[in-house]
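Single-structure report; data block below.
The values are calculated or read from the model by the stated rules, or taken from the named source; none is laboratory data. All values derive from a computational prediction rather than experimental measurement. Neighbour counts are summed over all protein chains in view; Cβ atoms, including those assigned to glycine, are modelled from backbone coordinates with ideal geometry.
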Amino acid sequence: MTFLLQNWYLILAALVSGGLLLWPALRGGAAGGAVSTAEAVRIINREKGVLIDVSEPAEFAKSHATGARNVPLSQIETATALPSNKALPLLVMCATGNRATRAVALLKKRGYENSQAVAGGMAAWREANLPIESAA
């Protein structure tokens, strides 16, 4: 018991460290439910996931992930370019992933419950050396 009282700060540090390690798992994965680029590719290949890029048309024209559909965030609530099958997994991305998380919330309101943001967006997609289409 005296060990615990004399070393309370070490025990506190261990508990805080353990809590920080468990936090992502408790919240549902990286970046609040976002999937990694590797997981996104797996979902596209095995579960017929659809890649949605919510960047503005000018950004999308500069470069985007191969096979992505452009549905700008400003038009996400009324867009007709989204799949009619709302059970299909939607993988949402933008330049960095910030707009994608907002788009996922809007898509879930529209009934696309199986939608997730791609963590890191196009920056992570490029870093993973995944295929990109860009203006020449």
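A few remarks follow.
- Any hit, the stretch 24-41, residues being farther than 19 Å from residue 128 by Cβ, touching a residue at least 24 places away in the same chain (Cβ under 8 Å), among the small types (Gly, Ala, Ser) and surrounded by 19 or more Cβ atoms within 10 Å (Cβ to Cβ): no
- Any hit, the stretch 71-81, residues being among the small types (Gly, Ala, Ser) and assigned to a loop (DSSP other than H, G, I, E, B): yes
- The stretch 87-120, residues that are within 10 Å of residue 52 (Cβ to Cβ) and assigned to a helix (DSSP H, G or I): 100, 103, 104, 107
Listed here are the residues, each with its yes/no results for (1) free of Cβ contacts under 8 Å to residues at least 12 places away in the same chain; (2) crowded, with 16+ Cβ neighbours inside 10 Å.
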site: 84; (1), (2): yes, no
site: 92; (1), (2): no, yes
site: 96; (1), (2): no, no
site: 101; (1), (2): no, yes
site: 112; (1), (2): no, yes
site: 115; (1), (2): no, yes
site: 123; (1), (2): no, no
site: 128; (1), (2): no, no
site: 131; (1), (2): no, no
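- Residue 88 meets the stated requirement of being assigned by TED's automatic domain parsing to the domain that holds residue 41 and touching a Phe, Trp or Tyr at 6+ places or on another chain (Cβ under 9 Å).
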